[in-house]
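Participant: Okay, handing you the structure first.
The values are calculated or read from the model by the stated rules, or taken from the named source; none is laboratory data. Note that the structure is predicted; figures quoted are calculated from it, not measured. For neighbour counting, all protein chains shown are included, and Cβ atoms are generated from backbone atoms with ideal geometry for every residue, glycine included.
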Amino acid sequence: MKNRVQLIGRVGQDPEVKTLDGGKKLATVSIATNDVYYKENGDKVEQTEWHRVTAWGKTADIIEKYVIKGKEIGIEGKLTHRSYEDKNGEKRFVTEIVANEVLLLGK
């Protein structure tokens with residue numbers, strides 16, 4: 001079995017790009033996916049899920065150059081989970097997709 005995620009969605013805000021020590025780039029972006037279904041009574045329900053995506057190196061370069069808020073993109077990567085302590089010392093958990101490919105969609 002392989003840890004592999006593929007999503008197509010819209011970018012919720014302009015990407016955040018950092019250049020780390022050594023010159024390696026890290027890009028972070030959130031994308032929204034939508035699902036539509038109908039209840040038994042016929043009511044339409046739209047559900048939006050937000051996904052945190054990070055990318056390194058050349059993939060981060062592509063995101064920095066071409067991805068903006070509202071753009072439709074496709075990503076492929078792996079699902080990761082991590083934890084950290086916030087400023088108040090509370091433990092926080094993050095689930096994110098580490099992208100290794102980005103596909104620019106739409107106009």
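Participant: THR28 versus (1) modelled with pLDDT under 95; (2) under 12 Å from the mean Cα position of the chain (by Cα); (3) of a type in the set (S, T, N, Q): which is the lone unmet condition?
Facilitator: (1)
Residues checked against (1) among the aliphatic types (A, V, I, L, M); (2) over 23 Å from ARG4 (Cα atoms):
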site	(1), (2)
GLY42	no, yes
VAL53	yes, no
ALA60	yes, no
VAL67	yes, no
GLY70	no, yes
ARG82	no, no
LYS91	no, yes
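Participant: Residues LYS18, LYS39: which one is among the basic types (Lys, Arg) and surrounded by 10 or more Cβ atoms within 10 Å (Cβ to Cβ)? Let's see the steps before the verdict.
Facilitator: Numbers: LYS39 fails: surrounded by 10 or more Cβ atoms within 10 Å (Cβ to Cβ).
Going through LYS18, LYS39 in turn, just one is among the basic types (Lys, Arg) and surrounded by 10 or more Cβ atoms within 10 Å (Cβ to Cβ): LYS18.
Participant: Counting only residues that are of a type in the set (Gly, Ala, Ser) and at pLDDT below 95, which one in segment 71-89 is surrounded by the most Cβ atoms within 10 Å (Cβ to Cβ)? I'd like the intermediate steps shown before the answer.
Facilitator: Here is the first cut: in segment 71-89, the ones of a type in the set (Gly, Ala, Ser) are 74, 77, 83, 89.
Narrowing further to those that are at pLDDT below 95: 83, 89.
On the way: SER83: 8, GLY89: 6.
Per the criteria, the residue is SER83.
Participant: Residue by residue through segment 53-89, note down the ones that are touching a Lys or Arg at 6+ places or on another chain (Cβ under 8 Å), in contact (Cβ under 8 Å) with a residue 40 or more places away in the chain and either over 19 Å from GLY12 (Cα atoms) or not in a strand (DSSP E or B) (or both).
Facilitator: TRP56, ALA60, GLU64, GLY70, LYS71, LYS78
Participant: Another one. Going through segment 27-36 one residue at a time, which ones are of a type in the set (A, V, I, L, M, F, W, C) and buried (at least 16 other Cβ atoms within 10 Å of the Cβ)? Steps first, please.
Facilitator: Narrowing segment 27-36 to residues of a type in the set (A, V, I, L, M, F, W, C): 27, 29, 31-32, 36.
Selection gives ALA27, VAL29, ILE31.
Participant: Additional query: Within segment 1-52, count every residue that is in a loop (DSSP other than H, G, I, E, B), polar (S, T, N, Q) and under 18 Å from ALA99 (Cα atoms).
Facilitator: Number satisfying all stated conditions: 2.
Participant: ARG92 fails exactly one of the following numbered conditions: (1) in a strand (DSSP E or B); (2) surrounded by 11 or more Cβ atoms within 10 Å (Cβ to Cβ); (3) not polar (S, T, N, Q). What is the number of that condition?
Facilitator: The number of the failed condition is (2).
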